[in-house]
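Student: Attaching a single structure in structure tokens format; questions to follow.
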Amino acid sequence: MSERVLVTILATAFAIFMGDGMAFAAHPLITDDTGTQGRRKFQVEFIGEYGHDEEDGVTIKSLEIPTPFFSYGVTDTIDIVFGLPYQRVETEEVGITTIVRGISDASVELKWRFYEKDGLSFAVKPGISLPTGDENKGLGNGKVSYSTFFITTKQMKPWAFHLNLGYVHNDYKLQADEDDNRNGIWHASLASEGEVAERLKAVANIGMEKNPDKTSDTHPAFILGGIIYSVTESLDVDLGIKGGINKPETDYSILAGVTMRF
């Protein structure tokens, strides 16, 4: 496998990790909201994602198998969130197909909504990623990394708008990863959601983050659209399509999820 393919796989794995770290918004949105579960309440999300990307003769198909992500309300305004995703990344180059699969890095986050008034609310969400993935396969960093996000939500019924500004710091166990990838990654994204029919919401999302590849100054940007259908008050199903605005971003991804609240 060429050095370029290895770098591309690592970048894809990083992008999936970033999605996981932010997957606790109203899926399929990437941008998080300030909402919390409430004291002693519990949420389970089963999230899956398929991505397809082609560049310079290299095709990468990534599949995140639906695995549970857990949120628990410590208080009415503080949640603890845990996720341990499973990935499958298929790379095709000049007729040769390479498949990498396995558990990636786990994420543990704490979301605290510290302000709420007149439909406007603010929250912070610090988190860490644990080196549970195999860094030799490009499924993890091999070291503990951390992130911090600032979240804003504005409710204007029937619409809601969400803004995320964040920073992720990655440390790498492998010297090759350290040489090829930036340690500090900023993220900025904006999302909206609105009720379009009984039990049905339409959602939209746009965002950008710093390219982890040291050789590129073009930062991946995406746009996303989707729907959320509430089967009951405690059960949602969702579907979304995410497209890349520029080359570094995955060409397109299909996202689907089921959310249950207890």
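Student: Can you list the HN-Hα couplings for region 83-100, worked out from phi with the Karplus curve (6.51, -1.76, 1.60; θ = phi - 60°), rounded to whole Hz and with x for Gly and Pro?
Tutor: x, 9, x, 10, 10, 9, 10, 10, 10, 10, 9, 6, x, 9, 10, 10, 10, 10
Student: Let me ask you something else. Any chance you could run the full-extension gain for Ala202 through Thr98? It's 0.36 nm times the residue separation minus the Cα-Cα distance, nm to one decimal.
Tutor: 33.7 nm
Student: If one computes the Cα centroid of region 211-241 and of region 138-173, what distance in Å separates the two points?
Tutor: Spelled out, the Cα-based centre of one part sits 13 Å from the other.
Student: Using the charge dipole of region 3-261 (Lys, Arg: +1 at Cβ; Asp, Glu: -1 at Cβ; taken about the Cα centre), state which of Ser71, Val108, Thr91 has its Cα farthest towards the positive end.
Tutor: With unit charges placed on the Cβ atoms, the residue in question is Ser71.
Student: Right, next: Can you run phi through the Karplus equation (6.51, -1.76, 1.60; θ = phi - 60°) for region 112-129 and list ³J(HN,Hα) in whole Hz, with x for Gly and Pro?
Tutor: Working through the residues one at a time gives 10, 8, 9, 8, 7, 6, 6, x, 10, 9, 10, 8, 10, 9, x, x, 10, 10 Hz.
Student: From Cα pairs below 8 angstrom and at least 6 apart in sequence, can you work out the relative contact order of the chain, rounded to a whole percent?
Tutor: Numbers: 743 pairs, mean separation 44.8, N = 262.
Result for the chain is 17 percent.
Student: Taking 7 Å along the Cα-to-C-beta vector as the label spot, tell me the Leu235-Thr132 distance in nanometres, rounded to one decimal.
Tutor: Rounded to a tenth, the inter-label distance reads 2.6 nm.
Student: Angle between the Cα long axis of helix 3-21 and the longest principal axis of the chain, 0 to 90 degrees, nearest 10?
Tutor: Roughly 10 degrees between the two axes.
Student: Roughly how compact is the chain, stated as its Cα Rg over 2.2 N^0.38 Å to two decimals?
Tutor: Numbers: Rg = 17.8 Å, N = 262, 2.2 N^0.38 = 18.3 Å.
Dividing the Cα Rg of the chain by 2.2 N^0.38 Å gives 0.97.
Student: While we're on this one: GNM, the chain, Cα, under 10 Å: largest mean-square fluctuation among Pro212, Pro158, Pro68?
Tutor: Pro158
Student: Express in nm, to one decimal, how much length is gained between Thr148 and Glu55 on full extension, taking 0.36 nm for each residue of separation and deducting their alpha carbon distance. All intermediate terms of the calculation are to be shown ahead of the outcome.
Tutor: Details: separation 93, 0.36 × 93 = 33.48 nm, distance 3.11 nm.
In short, 30.4 nm is gained.
Student: From the phi of every residue in region 68-82, what ³J(HN,Hα) in whole Hz does the Karplus formula 6.51 cos²θ - 1.76 cosθ + 1.60 yield, where θ is phi - 60° and glycine or proline is x?
Tutor: Each residue of region 68-82 in turn: x, 10, 10, 10, 10, x, 6, 9, 5, 10, 10, 10, 10, 10, 9 Hz.
Values quoted throughout were computed directly from the atomic coordinates according to the rules given, and no laboratory measurement underlies them. Everything numeric in this text was worked out from a predicted model, so none of it was measured. Every residue, glycine as well, gets a Cβ built from its backbone with ideal geometry; the counts of neighbours run over all protein chains shown.
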